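The values are calculated or read from the model by the stated rules, or taken from the named source; none is laboratory data. What you see is a predicted model, and the numbers here were worked out from it, not measured in a lab. Using ideal geometry, Cβ is built from the backbone for each residue, glycine included, and neighbour counts are taken over all protein chains shown. Protein only, heavy atoms only, side chains kept; ligands, DNA and RNA dropped before computing areas. Shrake-Rupley method; radii C 1.70, N 1.55, O 1.52, S 1.80 Å.
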Amino acid sequence: MTKITVAKGDGIGPEIMDATLDIILAAGAQIEIEEIEVGEKVYLAGNTAGIAKESWDIIRRNKVFLKAPITTPQGGGYKSLNVTTRKFLGLYSNVRPCMSLHPFVKTKHPLMDVVIIRENEEDLYAGIEHQQTDEVVQCLKLISRPGCEKIVRYAFEYARQYGRKKVTCFTKDNIMKQTDGLFHQVFDEIAVEYPDIENEHWIIDIGAAKMADTPEAFDVIVMPNLYGDVLSDVAAQIAGSVGLAGSANIGESCAMFEAIHGSAPRRAGQNLANPSGLLQGAIMMLNHLGQTEVAEKVQNAWLRTIEDGIHTYDVYKEDVSKQKVGTKEFAAAVIANLGQQPQQLAAVSYAKGKPLQLPRYQRKKPANKELMGIDLFVHWPGTNPDELANLMKELEVEEVKLKMITNRGIKVWPEGFEETFCTDHWRCRYQSQQGKFIKNDTITLLINAMKHEIDVVKTENLYAFDGKPAFSLGQGQ
Ligand code: NAD
């Protein structure tokens with residue numbers, strides 16, 4: 001018997017959670033339930049996080065959390081509980097299977113069976129944003145080697161455990177050579193450890209187009225956070241309905257399972273909602289707990305029920321459905337089908353076994369890190385880059401010279417184009433003629449900037465790691 005934490009959530013949450021628990025308990029799930037309250041009531045009682053401290057203690061103690069959707073009240077500085085939970089508990093991996101149920105649920109892609117594995121903690125979601133000038137704001141895109149290694153390894157281990165043939169990586173490393181470049185590089189490094197699984201990389205734009213058009217070309221797709229956020233909804237929608245998909249958020253010690261849809265407040269309390277999304281989350285939870293036989297039994301009974309044409313309003317279509325049912329009746333039909341296999345849809349068979357166990361991240365030997373220069377970002381209201389270059393040259397320190405100025409990444413000095421549009425946010429790169437640059441040079445440059453009333457809004461060190469420059473050039477440099 002494993003103790004799990006359950007939150008029934010808001011809107012349709014309590015109805016779909018009751019249906020889900022009824023089904024998995026009827027199938028023999030060995031779980032003991034500890035319920036906590038999260039969401040709207042907690043928010044409105046003045047807790048802007050939507051969760052009490054005691055509830056965190058319970059979640060951390062039980063480690064496995066089955067969560068129904070919650071309503072985040074509009075305005076008032078309420079923080080999304082989902083994002084907070086992922087970050088606090090280190091739930092680095094988001095897994096979302098998107099499978100079509102043709103011909104029982106309408107879809108343009110009858111053969112689709114894709115699992116999106118999304119990095120869940122890093123990327124632009126680190127939430128580090130600043131306004132730097134009147135005209136320019138920035139968001140830091142942070143990608144780490146441990147983050148990449150953990151998610152890529154998870155994708156390959158998942159593929160192996162579930163008998164998947166191929167793992168595809170989506171990035172935009174032709175543009176973001178450092179951040180997406182690292183993700184792609186780590187993918188290539190780890191792929192060689194899994195010779196039994198095919199691997200490939202697509203640039204995200206054409207990859208996304210291909211996925212929307214020919215999803216059957218893909219099996220497991222792993223990607224950084226932002227791309228995964230967007231594409232996992234696209235994948236769920238084109239598979240048939242966002243109402244049918246569940247997701248798992250997995251960390252090194254804790255895990256959270258849920259439906260991908262929200263609390264659908266307009267449908268609440270009417271016995272209308274489809275519990276399938278949350279049920280899919282619960283099936284992933286059972287697999288995670290090693291209760292694979294129960295998971296298999298529930299999934300096959302659910303597939304059979306969909307095949308039988310017993311559908312809730314959201315998937316009901318006159319030509320394929322046989323009976324329009326409510327939440328409770330749908331759950332009863334799945335329970336009645338426990339032990340049955342689907343006839344047309346492929347029955348699932350989950351490998352007996354342990355939950356995925358990934359090796360802990362091992363920090364590598366540090367590289368030889370060498371300072372090569374500095375970028376000073378300045379707020380300057382002028383428009384002529386040559387004029388700014390003359391000002392910035394005044395800051396030069398002996399061998400340390402102004403090398404380049406860019407505006408929004410595009411080189412505007414030396415030899416810029418008049419046509420390039422410039423904002424009030426400029427990057428001025430300083431490097432030494434001899435290649436030597438010391439931290440003191442930065443201090444001297446900043447003092448000189450202050451003397452000349454130059455508004456430096458940020459600095460960024462330029463490093464080489466093991467002799468390899470590790471910073472981007474200006475566009476056109
Ligand atoms: P939603 O997913 O709740 O609803 C979108 C549409 O899908 C609605 O028409 C709804 O009726 C329908 N729908 C969703 N789930 C269904 C189900 N199980 N059965 C039948 N129909 C279903 O999205 P929304 O309306 O944008 O958001 C409502 C609330 O949910 C908001 O407060 C939002 O913050 C919250 N939300 C929570 C989560 C979560 O807790 N994981 C995720 C998304 C949105």
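The table below lists the values:
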| read-out | value |
| --- | --- |
| Accessible area (Å², per residue) of segment 369-469, counting only protein heavy atoms and a probe of 1.4 Å | 56 Å² |
| Note, ³J(HN,Hα) from phi for segment 166-176, Karplus 6.51, -1.76, 1.60, rounded to Hz, x at Gly and Pro | 9, 10, 10, 10, 10, 8, 10, 7, 6, 9, 9 |
| Over segment 115-220, relative contact order from alpha-carbon pairs under 8 Å, at least 6 apart, % | 28 percent |
| ³J(HN,Hα) computed for each position of segment 46-51 - Karplus, 6.51 cos²θ - 1.76 cosθ + 1.60, integer Hz, glycine/proline x | x, 9, 5, 8, x, 8 |
| Debye intensity ratio I(q)/I(0), log10, segment 1-63, q values 0.14, 0.26 Å⁻¹ (C-alpha model) | -0.46, -1.11 |
| Kyte-Doolittle mean at least 0.0 and Cα axial length at least 15 Å: DSSP H helices in the chain | 13-26, 179-191, 225-239, 276-288, 439-451 |
| Euclidean distance of C-alpha centroids, segment 415-457 and segment 257-310, integer Å | 57 Å |
| Too-long pairs where the Cα-Cα distance tops 22 Å, listed order kept, from Lys141/Lys177; Lys150/Lys364; Lys8/Lys328; Lys210/Lys297; Lys67/Lys165; Lys67/Lys108 | Lys210/Lys297; Lys67/Lys165; Lys67/Lys108 |
| Aspartates and glutamates whose Cα lies under 14 Å from that of Lys458, excluding same-chain neighbours fewer than 8 positions away | Glu129, Asp375, Asp424 |
| Debye equation applied to the C-alpha atoms of segment 233-346, log10 I(q)/I(0) at 0.11, 0.23 Å⁻¹ | -0.36, -1.45 |
| Hz values of 3J(HN,Hα) by residue in segment 308-323 - Karplus curve (6.51, -1.76, 1.60), Gly and Pro given as x | 5, x, 8, 10, 7, 3, 5, 10, 4, 9, 3, 6, 10, 7, 10, 9 |
| Signed unit charges on C-beta, dipole axis of the chain, positive-most listed residue Gln434, Met1, Tyr158 | Met1 |
| Segments 64-75, 183-194, 25-36, 144-155 sorted - mean Cβ within 10 Å per residue, highest first | 144-155, 64-75, 183-194, 25-36 |
| Cα centre as origin, Lys/Arg/Asp/Glu Cβ charges: the chain dipole, Debye | 1200 debye |
| Residues with amide H under 5 Å from that of Thr2, placed H, sequence gap 5 or more | Ile31, Glu32 |
| Label-zone membership for segment 192-211, site Lys166, 7 angstrom Cα→C-beta point, backbone N under 12 Å | 198-202, 211 |
| Three-way shape label, segment 152-255, alpha-carbon gyration tensor, a/c 1.5 | rounded |
| Protein accessible area in segment 115-220, 1.4 Å probe - carbon and sulfur % | 52 percent |
| Dipole magnitude of segment 261-340 about its Cα centre (Cβ charges: Lys, Arg +1; Asp, Glu -1), debye to nearest 20 | 260 debye |
| Around Leu286: net Lys/Arg minus Asp/Glu count, Cβ-Cβ under 11 Å | -1 |
| Rel. contact order, % - alpha carbon contacts under 8 angstrom, at least six apart, the chain | 16 percent |
| Leading residue at positive end of dipole, segment 369-469 (Cβ point charges), from Val400, Gly373, Ala449 | Gly373 |
| Amide hydrogen neighbours beyond the local backbone of Glu121, cut-off 5 Å, H modeled | none |
| Translational D in µm²/s for the chain (Stokes-Einstein at 25 °C, 0.890 mPa s, Kirkwood Rh from C-alpha pairs) | 98 µm²/s |
| Net charge, Gly474 excluded, C-beta distance under 15 Å - Lys, Arg +1, Asp, Glu -1 | +3 |
| Helical contribution to [θ] at 222 nm, DSSP H n ≥ 4, -39,500 (n - 2.57), averaged over the chain, rounded to 500 | -10000 deg cm²/dmol |
| Highest to lowest packing among 418-429, 325-336, scored as the average C-beta count within 10 Å | 325-336, 418-429 |
| Over segment 369-469: Rg over Rh, Cα atoms, Kirkwood Rh | 0.96 |
| Packing rank of 37-43, 253-259, 459-465, 265-271, where each peptide gets the mean count of other beta carbons within 10 Å, highest leading | 253-259, 37-43, 459-465, 265-271 |
| Solvent exposure of segment 185-270 as accessible area per residue, Å², 1.4 Å probe | 39 Å² |
